[in-house]
Amino acid sequence: MCGEEYDRNADACPECATPNVTKMGGKYVRFDFLGGVPADMDLGQGVTADEAKRFVLSNTHRYIPKFAAMRGGKHLSWNWLAFIFPCGWFLSRKMYALGGLAGAISVALSLFSIPFNRAIVQFDLTGGYMEISRLIAENIESIGVSVIALAAIGGLLNIVFSFLCGMFGDLLYRNHTIDTVSHIKQESVDLEEDFRSKGGVSLIALLIGWAIVQYLPRVFLIIFGKNSQGERGDRPPDFP
C-alpha cells in the first residue's frame, strides 16, 4: 500500500500496518494502488502520484490514473457517485465547501416542486405512478399549468446539475487533492497524519449530506404547506 518493503513472514507492514494476506491463508498478490502510474510522476505543483495516493487512500487505483490523464489535458471524466449524489460524494471526500454548495443547490431545486406537491395533496396518492399520472392529467386545470411547469423545470435543472457533477467531479477532486497535498507539504510537521485527517473518506459527512438533502425539502414542504391545508391536517406527500 505504501511502497515499504519488508519480510513477507511479518504479520503486517511496519510502516502503514497493511495486513499480510499470506499470513491469513491468502495468496500473495501484488496490487497496483497507483493504477499503472509511476509513483514519482508529478501530478501538478510538485505533488507526486505516491503522495496523492496517500491522501486519497480509498479507491486510489481509479483516481490516480484519472489525475495523471488530467495532467495531460484531459479534463472531462465520469463519476457515477458524483452524478447520483453530488452533495454526499463531495462531503465524503472532504470537499466541504463544494459539498455544502451542492447540497444548497439540490435543496433549492427541490423547492421548485413545493407548489406542485401542495396542489396534489388533495388527491389519493396511494396508487402507483400510472394512477397518480392519470389523476394529474385529469386535474391539470385545478393544479395549474404553471405549477406543473415549475416542477418540471426544477427536475430538469436537477438532472443537468447532476450531469455536470458527474462530468467534472473527478477534476474538482483532482484540484482539491493537489492543492491540499501541496499545502500540507509546505506547512505540516506530520505528513502521514495530515494526509489521513484531511484526505480519505468521511462516512459521517456522507450521512449528514444525505440527511440534509433527503429531509430538508420535506421540512420546507410541511412549513409552506400549512397555509394551503388549513385545518384539514392532511400530511403532505413524500417527495418521490
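The values are calculated or read from the model by the stated rules, or taken from the named source; none is laboratory data. Predicted model, so just to flag it, every value in this text is computed and none were measured. Note that we place each Cβ from the backbone using ideal geometry, even for glycine, and neighbour counts take in every protein chain shown. We work out accessible area using only protein heavy atoms, side chains counted, and drop any ligands, DNA or RNA first. Shrake-Rupley method; radii C 1.70, N 1.55, O 1.52, S 1.80 Å.
For the chain, with all protein chains present and a 1.4 Å probe, just round the carbon and sulfur fraction of the accessible area to a whole percent. Of the solvent-accessible surface of the chain, carbon and sulfur hold 61 percent. Here the alpha carbons of the chain define both size measures, Rg and Dmax, at 24.1, 77 Å.
Taking amide H as placed 1.01 Å from N in the peptide plane, residue 42 has no amide H partner under 5 Å among residues 5 or more places away or on another chain. Helix 96-110 versus the longest principal axis of the chain: what is the Cα-based angle in degrees, 0 to 90, to the nearest 10? Helix 96-110 sits at roughly 20 degrees to that axis. The stretch between residue 204 and residue 21 holds 63.0 nm of extra length on full extension. This uses 0.36 nm per residue minus the Cα-Cα distance.
For segment 164-220, the gyration tensor built on C-alpha atoms gives an oblate shape. Its axis ratio a/c (a ≥ b ≥ c) is at least 1.5, and a/b is not larger than b/c. Label point of residue 84 set 7 angstrom out along Cα-Cβ; within segment 148-166, amide nitrogens under 19 Å from it belong to 158-166. With a simple spin-label model that places each label point 7 Å from the Cα along the Cα-to-Cβ direction, the separation between residue 62 and residue 189 comes to 3.7 nm. Couplings 3J(HN,Hα) for segment 171-182, derived from phi with the Karplus relation 6.51 cos²θ - 1.76 cosθ + 1.60 (θ = phi - 60°), are 5, 5, 5, 4, 5, 4, 5, 4, 5, 5, 5, 4 Hz, where x marks Gly and Pro. A dipole drawn for segment 150-224 from +1 and -1 charges on Cβ atoms has a positive end, and of 153, 178, 167 the residue lying farthest that way is 153.
Largest first, the residues 94, 53 sort by 1.4 Å accessible area into 94, 53. Per residue, the solvent-accessible area of the chain (1.4 Å probe, heavy atoms of protein chains only, all protein chains present) comes to 59 Å².
Rounded to the nearest 20 debye, the dipole magnitude of segment 48-104 is 100 debye, with +1 charges on Lys and Arg beta carbons, -1 on Asp and Glu beta carbons, and the Cα centre as origin. Taken over the chain, lysine pairs spaced eight or more positions apart, or on distinct chains, with alpha carbons under 25 Å apart number 14. Could you state, as a whole-number percent, how many of the C-alpha pairs of segment 70-179 are farther apart than 19 Å? Tail fraction, whole percent: 56. Here the Debye sum runs over all C-alpha atoms of segment 40-83 as equal scatterers in vacuum, and log10 of I(q)/I(0) at q = 0.21, 0.28, 0.29, 0.30 Å⁻¹ comes out as -0.70, -1.07, -1.11, -1.14. Residue 202 sits among other residues whose Cβ lies under 9 Å from its own Cβ, and their net charge, with Lys and Arg +1 and Asp and Glu -1, is +2. Simple point charges give the picture: +1 on the Cβ of Lys and Arg, -1 on the Cβ of Asp and Glu, and for segment 29-140 a dipole about the Cα centre of about 260 debye.
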